[in-house]
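Visitor: Got a structure here, written out as structure tokens. Questions coming.
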Amino acid sequence: MGALPLPEHLVGDLTQRKTYVPEAVHFQTKPQIAVDLIGRVLANGIRVSASTFDELYGRNDRFLDMRDE
């Protein structure tokens with residue numbers, strides 16, 4: 001399952017009810033989404049030998065740590 005970046009202003013009790021966003025959906029930054037997706041890939045035994053990313057991800061310690069696992 002993929003992930004879609006959801007603007008932070010669409011997350012919250014009242015807004016989520018008005019926009020039909022499920023309560024299980026919560027705000028995540030793009031690096032947080034990437035960490036979750038990489039975790040799923042690694043958990044399924046898929047290994048990546050090379051990757052590229054921009055400075056947004058390069059400044060995120062959790063993302064960089066996840067890549068080393």
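We did not get these values from a lab; they are worked out from the coordinates using the rules stated. Not measured: the values here are computed from a predicted model. A quick note on method: Cβ atoms are made from the backbone with ideal geometry, for glycine too, and the neighbour counts reach across all protein chains shown.
Visitor: Give the residues of region 40-62 whose amide nitrogen is closer than 17 Å to a point set 7 Å from the Cα of Lys30 in the direction of its Cβ.
Guide: Residues 51-62 fall inside that zone.
Visitor: Could you sort the peptides 30-43, 52-65 by per-residue average Cβ neighbour count (10 Å cutoff), highest mean leading? Numbers along the way, then the final one.
Guide: Details: 30-43: 15.0, 52-65: 11.7.
My ranking of the peptides, most packed first, is 30-43, 52-65.
Visitor: Report the calculated FRET efficiency for Asn44 and Thr19 (r = Cβ-Cβ distance, R0 = 35 Å), to the nearest 0.05.
Guide: Values: r = 32 Å, r/R0 = 0.90.
So, using R0 = 35 Å, E works out to roughly 0.65.
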